Amino acid sequence: MLNEIKGLYKISRPFTTLTGGLAVLLGGYVAGTGAWDKVILAILATWCITAAANAWNDYRDIEIDKINQPKRPLPAGLVSPRSVLIFSLVMTAVSVLLAAFINVPAFIIALASASMLYLYSWRLKSTVLMGNAIVATISAMSAIFGGIAAGNPRPSFWLALIIASAIMGREVLKTLADYEGDLRQRCRTVATVWGKRPARIVFYLLGAATLVIMMVPYMLDVYRPVYALIVGLGVYPVLMYVLLRVTRERTGPQLEKLSQLMKYDFMIWFVAVLLGAAT
């Protein structure tokens, strides 16, 4: 029983759920309304749906993970597939219920996001870029979700645009990291269908676009100079390092580490927004 609980905890990917909650927090913060009670509900709902989506994804990908990620709880035998499925369904129900206590638009977004995430792992993950775009879009909606919960979503649109670009790039990078397993399971991704080199080019373009888009809010006087300072000194060096390190010589595990590095780098961007957004 204890091992199953530990396995479900790992499958929920706490750090991933944390970043989704932080995106909601930023959306509520830049809204400037002070409706923190509803923003907190939105954060909890986001944590639950992210955990549910991670569990459902692992449930669907158990055979692929035996090749790409054999140490994950399911392929390692720490938790049963049935427990993972029940956990996913329960977390989804809790997420939608929490969103219902915020307002009608929040409830609709939670329900739509949950449906799209299940559809993604079931049908759309094995598609060229479409599945990646869905993940990026839903991730970007987290910021808008926070703005809607706070009652003023408009300031969160810049956040959503930056998140969408960065997540889309990271999704493409993950197709490169998972190339061997995806190829054996005949998954249609940008790397397996177009080839590794075109996938790297797409990643480079998305990475470059993220570098540009991140600085636009400062250039338009939406954010204060401290934002540009933190992005320039904290975010840019790491992202540029990742761009330079994604080469044909990199193995899947090496590319996975670079993907994780991008995730950590995004935490610095969160700090930049918190300190630089004029609310």
Please enumerate the residues belonging to the stretch 9-20 that are crowded, with 20+ Cβ neighbours inside 10 Å and under 11 Å from the mean Cα position of the chain (by Cα).
-> Thr17, Thr19, Gly20
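If you take the residues in the stretch 97-117 that are crowded, with 19+ Cβ neighbours inside 10 Å and of a type outside the set (Gly, Ala, Ser), which one is farthest from Trp158 (Cα to Cα)? Working first, answer last.
Restricting attention to the stretch 97-117, the residues satisfying the condition of being crowded, with 19+ Cβ neighbours inside 10 Å are 98-99, 102, 106, 109-110, 113-114, 117.
From what is left, the residues that are of a type outside the set (Gly, Ala, Ser) are 98, 102, 109, 117.
Details: Leu98: 26, Ile102: 23, Ile109: 18, Leu117: 23 Å.
Across the stretch 97-117, the extreme among qualifying residues is Leu98.
Scanning the stretch 121-139 for residues that are touching a residue at least 60 places away in the same chain (Cβ under 8 Å) and assigned to a helix (DSSP H, G or I), which turns out surrounded by the most Cβ atoms within 10 Å (Cβ to Cβ)? Please lay out each step first, then the result.
The first filter runs over the stretch 121-139 and keeps only residues touching a residue at least 60 places away in the same chain (Cβ under 8 Å), leaving 121-122, 125-129, 139.
Filter again for assigned to a helix (DSSP H, G or I), leaving 121-122, 139.
On the way: Ser121: 20, Trp122: 12, Ser139: 23.
Selected residue: Ser139.
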Residue count, the stretch 167-197, condition in contact (Cβ under 8 Å) with a residue 40 or more places away in the chain, in contact with a Leu (Cβ under 8 Å, 6 or more places away or on another chain) and small (Gly, Ala, Ser), comes to 2
When residues of the stretch 166-214 are limited to those that are buried (at least 21 other Cβ atoms within 10 Å of the Cβ) and small (Gly, Ala, Ser), the one farthest from Val271 (Cα to Cα) = Ala191
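Every residue, every condition in (1) within 18 Å of the chain's Cα centre (by Cα); (2) at pLDDT 95 or above, yes or no:
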site	(1), (2)
Tyr120	yes, no
Leu129	yes, no
Ile134	yes, no
Ser139	yes, no
Ser142	yes, no
Ile148	no, yes
Arg154	no, no
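The values are calculated or read from the model by the stated rules, or taken from the named source; none is laboratory data. Because the structure is predicted, anything quoted here is derived from the model rather than measured. As a convention, Cβ positions derive from the backbone with ideal geometry for all residues, glycine included, and neighbour counts pool all protein chains shown.
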